[in-house]
């Protein structure tokens, strides 16, 4: 039931039948789900020819690698900028938490570091 619900949601998120458009940002998630199901839900694929399983996995893998590369930029400068955009807020939050907890003060003082 869980597998069926997961795949139904993925299908709905990937293809909009009203507009006839595909959401290619879901391809990496589809690939991850295929990989997961091939490893963890083996019984689902017992009726599928092993060659077909391999073809499905390889196709999803190629599509996912293409999409993921484009999501993170094609040039080194684009990849660095995406990395900064993702990591900088996280690193700032970690620094704030470290400063707060190093003082071992009450939680009321937490917000003085957030400014």
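All of the numbers you see were taken from the coordinates with simple rules; none came from a lab. Because the structure is a prediction, the values reported are computed rather than measured. Every residue, glycine among them, receives a Cβ derived from its backbone with ideal geometry; neighbour counts consider all protein chains shown.
Just a few scattered comments:
- Which label in (1) 1.18; (2) 1.02; (3) 1.07 gives the computed Rg/Rh (Cα atoms, Kirkwood Rh): (1)
- Size descriptor, Kirkwood hydrodynamic radius, that averages inverse alpha-carbon separations across the range 9-62, Å: 12.1
- Residues residue 69 and residue 41, FRET efficiency given R0 of 25 Å [Cβ-Cβ distance, rounded to 0.05]: 0.35
- In nm, spacing of pseudo-spin labels at residue 18 and residue 86 (7 Å Cα→C-beta vector): 3.1
- Based on DSSP H segments of at least four residues, each scored -39500 (n - 2.57), the chain has a per-residue ellipticity at 222 nm of -23000 deg cm²/dmol.
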